[in-house]
1. Might you check whether a residue that is closer than 17 Å to I9 by Cα, of a type outside the set (A, V, I, L, M), part of a loop (DSSP other than H, G, I, E, B) and at pLDDT 85 or above occurs anywhere in the range 92-110?
2. Scan K160, K96, K68 and give me the residue that is among the basic types (K, R) and under 30 Å from E191 (Cβ atoms).
3. Looking for whichever is touching a residue at least 12 places away in the same chain (Cβ under 8 Å) and more than 20 Å from H123 (Cα to Cα) here; the options are P105, P4, P58, P77. Which one fits?
4. Is it true that E124 is open to solvent by 60 Å² or more (accessible area, probe 1.4 Å) and more than 30 Å from N2 (Cβ to Cβ)?
5. Considering only the range 2-20, state which residues are out of contact with any helix residue (DSSP H, G or I) (no Cβ under 8 Å at 6 or more places or on another chain) and in a loop (DSSP other than H, G, I, E, B).
6. Working only within the range 21-39, note down all residues that are farther than 14 Å from D54 by Cα, part of a helix (DSSP H, G or I) and either open to solvent by less than 60 Å² (accessible area, probe 1.4 Å) or of a type in the set (D, E, K, R) (or both).
7. Among the residues of the range 58-88, which ones are at pLDDT below 90 and either within 17 Å of D10 (Cα to Cα) or open to solvent by 40 Å² or more (accessible area, probe 1.4 Å) (or both)?
8. Can you tell me which residues in the range 40-57 are open to solvent by 60 Å² or more (accessible area, probe 1.4 Å) and in contact with a His (Cβ under 9 Å, 6 or more places away or on another chain)?
Amino acid sequence: MNEPTVFIIDDDLSIRKGLTRLVKATGFNAESYESAADFLDSGKCLEHGCIILDVHMPGMTGPELQEKLVEAGCSMPIIFLSAHGDVPTTARAMKKGAVDFLTKPVNVDELLTAIDVSLIQDHENRNQSEETSSIIELMKQLTAREHEVMTYVITGMLNKQIAGEMEISEETVKIHRGRVMQKLGIVSVAELVRLCEKAGISPAIAGDQ
């Protein structure tokens with residue numbers, strides 16, 4: 001994995017230069033952008049790292065960029081900087097996943113702590129994303145029937161009950177259930193439930209088939 005980069009987005013040149021020097025002095029890579037649009041155009045939003053983002057900028061504001069990044073599936077943690085203590089803006093930003101909201105002039109220790117927390121979070125986010133992708137790939141091995149049986153199994157239903165819902169024999173349910181476990185490399189329903197939760201697969205609702 002590439003080394004993480006701290007992306008600094010602020011329309012104030014002196015702040016960009018100061019933050020860039022500070023971040024590089026701590027041993028991290030740093031890149032700076034004058035506007036939210038410039039950062040979006042860079043195509044760097046899916047890279048490993050975090051973002052230090054000014055709230056009030058000409059054109060696209062910091063919170064507006066945050067919304068676009070969320071829509072684009074960018075999970076890179078954001079540290080907001082603002083010259084004003086705007087409580088509603090802070091609350092909305094934090095609700096949407098911002099790591100911290102610091103006021104200018106920023107306290108160096110608080111900023112470095114926020115960067116450390118952000119990079120740890122980014123690492124964890126990416127590990128979870130990779131695990132989810134691996135599980136989804138495993139799920140693709142299942143046939144449509146096996147997938148259907150699986151959605152009933154994770155509700156805790158017995159084979160006999162599943163057979164009744166699907167209008168197939170109990171023996172057929174056992175076979176499909178066994179193949180699901182084999183293909184996914186697991187042995188318990190608890191493991192199956194965990195995998196389905198990570199993959200975003202919902203249990204079947206009896207009577208809906």
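The values are calculated or read from the model by the stated rules, or taken from the named source; none is laboratory data. Note that this is a predicted model, so its numbers are computed, not measured. Cβ placement follows ideal geometry from the backbone for every residue including glycine, while neighbour counts extend to all protein chains displayed. Accessible surface is based on the protein model in full, side chains and every heavy atom, while ligands, DNA and RNA are left aside. Shrake-Rupley method; radii C 1.70, N 1.55, O 1.52, S 1.80 Å.
1. Scanning the range 92-110, I find at least one residue that is closer than 17 Å to I9 by Cα, of a type outside the set (A, V, I, L, M), part of a loop (DSSP other than H, G, I, E, B) and at pLDDT 85 or above, so the answer is yes.
2. Result of the check over K160, K96, K68: K160.
3. Going through P105, P4, P58, P77 in turn, the sole match is P58.
4. no
5. Across the range 2-20, the qualifying residues are N2, E3, D11, D12.
6. R21, L22, V23, K24
7. V70, E71, A72, G73, S75, S82, A83, H84, G85, D86, V87, P88
8. Of everything in the range 40-57, just one residue is open to solvent by 60 Å² or more (accessible area, probe 1.4 Å) and in contact with a His (Cβ under 9 Å, 6 or more places away or on another chain), namely H56.
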